[in-house]
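Bear in mind that the values in this text are calculations on the coordinates, not laboratory data. Only a predicted model underlies this, so the values are computations on that prediction, with no experimental measurement involved. All Cβ positions, glycine included, derive from the backbone under ideal geometry; neighbour counts span all protein chains shown.
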Amino acid sequence: MTIAPTIDIRRIGGRIGAEVIGVDLARPIDTELAARLTGALVEHKVLVFRGQDLDDEAHLRFAGTFGPLTAAHPTVPAVDGHANILAVQGGEGARANAWHTDVTFVVAPPKATTLRSLVVPPYGGDTLIADTAAAYADLPEHLRLLADRLWAVHTNDHDYAEHPQFRTDEVEAYHQVFVSQRYRTAHPVVRIHPESGAPNLFIGGFADTVIGLSRTESKDLLRLLQAYVTRPENTLRHRWAVGDVVVFDNRTTQHYAADDYGDLPRKLHRVTVAGDVPVGADGGTSYVIEGDDAGHYTPRAAR
Ligand SMILES: O=C(O)CCC(=O)C(=O)O
Ligand SMILES: [Fe+2]
């Protein structure tokens, strides 16, 4: 007879995040545990598993617990031999140090993102994750009523040249690959979470313009709303150790990779889980403006 391991799910932030203790992710995850982890992800939005010892295959298997996987990225090439794994190891200026929700420029952005650390700098390189439902709940009623009616265009082709001091050949080459196909998608500014039913501010770094407003008005309004997302109360900051696995619900979070470790090495592997088409507070669903989702982003079956 095997004895089921006792697992402990402990909150680690006031509003977002829990650590899962007592799980070895290298072992198969049974349906009962999978259901518990899926529920915990919806409740806490970020799950942290420390001290794991996963290889790529085990990482893929674990990510598959949450559903079918996406390709590594619509435009950025995958790790050799692993179509669903993206290596995260950009140099200075080519790091994700802008608040964003992953891949919101497509019509069905990932449901969840899983990150596993392979190389960690001795200091710096933390990942910050924000709860966009808490942000929505923080809005004064007048702003909530306004946000509920708004739609925004998300694109992979904007905001470039914000940091011209980092316009190195590497950054330039990465940008060319990133925008090798341009995507533009309209999403509701307030998204209803398909599992919890909670509304959240669905904006982030790929949100470019608010439909019906000028570029300047869009920027001002998005900045106003975004300030609620990044309030320290609504965030969790993860200090990486090698072997950590972090999963976040990409339907109701944003994240930010602190670019504060110079040229020290750091490497994560990312695997994302396929998501659905967002539904807004007004009942409308997201739609493609430009870019063919199907060609680049076909989910593959779960393992
Ligand atoms: O480097 C990190 O901590 C996160 C990078 C990121 O935003 C991503 O892989 O989606
Ligand atoms: Fe990201």
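A compact table of results
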item: Inter-probe distance in nm under a simple model that places probes 7 Å from Cα toward Cβ, at GLN181 and LEU146; result: 3.7
item: About the Cα centre, charge dipole magnitude for the stretch 23-104 (Lys/Arg +1, Asp/Glu -1 at Cβ), debye; result: 260
item: Percentage of interatomic Cα-Cα distances in the chain larger than 30 Å; result: 28
item: Measure of compaction for the stretch 110-155 (Cα Rg per 2.2 N^0.38 Å); result: 1.77
item: Integer Hz, Karplus 6.51/-1.76/1.60 couplings in order for the stretch 278-291, x for Gly and Pro; result: x, 10, x, 4, 8, x, x, 10, 4, 9, 6, 9, 8, x
item: Per principal axis, descending, Cα span of the stretch 44-164 in whole Å; result: 49, 37, 33
item: Computed lengthening from GLU217 to ASP276, 0.36 nm per intervening residue step minus Cα-Cα distance; result: 18.3 nm
item: Dipole magnitude of the stretch 49-208 about its Cα centre (Cβ charges: Lys, Arg +1; Asp, Glu -1), debye to nearest 20; result: 440
item: Square roots of five times the Cα gyration tensor eigenvalues for the stretch 1-57, Å; result: 20, 14, 11
item: Gyration tensor (alpha-carbon) shape descriptor, the stretch 230-279, a/c threshold 1.5; result: oblate
item: FRET E, pair ASP126, ALA198, Förster distance 25 Å, beta-carbon r, rounded to 0.05; result: 0.45
item: For PHE202, distant residues with modelled amide H under 5 Å away; result: VAL190, ARG191
item: Estimated vicinal HN-Hα couplings, Hz - the stretch 75-88 in sequence order (Karplus 6.51, -1.76, 1.60; Gly, Pro = x); result: 10, 7, x, 7, 4, 3, x, 9, 4, 9, 10, 9, 7, 10
item: Net length gained if the chain between ALA96 and LEU224 were fully extended (0.36 nm per residue, minus Cα distance); result: 44.0 nm
item: Total charge dipole magnitude, the chain, about the Cα centre, Cβ charges on Lys, Arg, Asp, Glu only, Debye to nearest 20; result: 440
item: Relative contact order (percent, whole number), the stretch 172-251, Cα cutoff 8 Å, 6+ residue spacing; result: 18
item: Relative packing of peptides 42-48, 111-117 - highest average C-beta neighbours within 10 Å first; result: 111-117, 42-48
item: Most fluctuating residue given options ALA186, ALA78, ALA134, as computed from a GNM of the chain linking Cα atoms under 10 Å; result: ALA78
item: Overall form of the stretch 193-235 per C-alpha gyration tensor (a/c, 1.5; a/b vs b/c); result: oblate
item: P(r) weight above 22 Å for the stretch 171-286, C-alpha pairs, percent; result: 49
item: Backbone N under 19 Å from the ILE21 label point (7 Å along Cα→Cβ), restricted to the stretch 46-73; result: 46-53
item: Full-extension gain in nm, ALA258 to ASP292, via 0.36 nm per residue minus C-alpha separation; result: 9.1 nm
item: Axial C-alpha extent at least 18 Å, average Kyte-Doolittle at least 0.0 - helices from the chain (DSSP); result: 31-44
item: GNM top mover of TYR228, TYR136, TYR174 - the chain, alpha-carbon springs below 10 Å; result: TYR174
item: In Å, descending, principal axis extents of the Cα set of the stretch 128-232; result: 46, 31, 27
item: Projected area, mean over directions - the stretch 37-105, Cα convex hull, nm²; result: 6.2
item: MRE, 222 nm, helices only [DSSP H, n ≥ 4, -39500 (n - 2.57), over the chain, to nearest 500]; result: -6500 deg cm²/dmol
item: Solution diffusion estimate, µm²/s, Stokes-Einstein, the stretch 70-112, Kirkwood Rh from C-alpha pairs, 25 °C, viscosity 0.890 mPa s; result: 209
item: Inter-label distance, nm, simple model (7 Å from Cα along the C-beta direction), VAL242/TYR174; result: 2.3
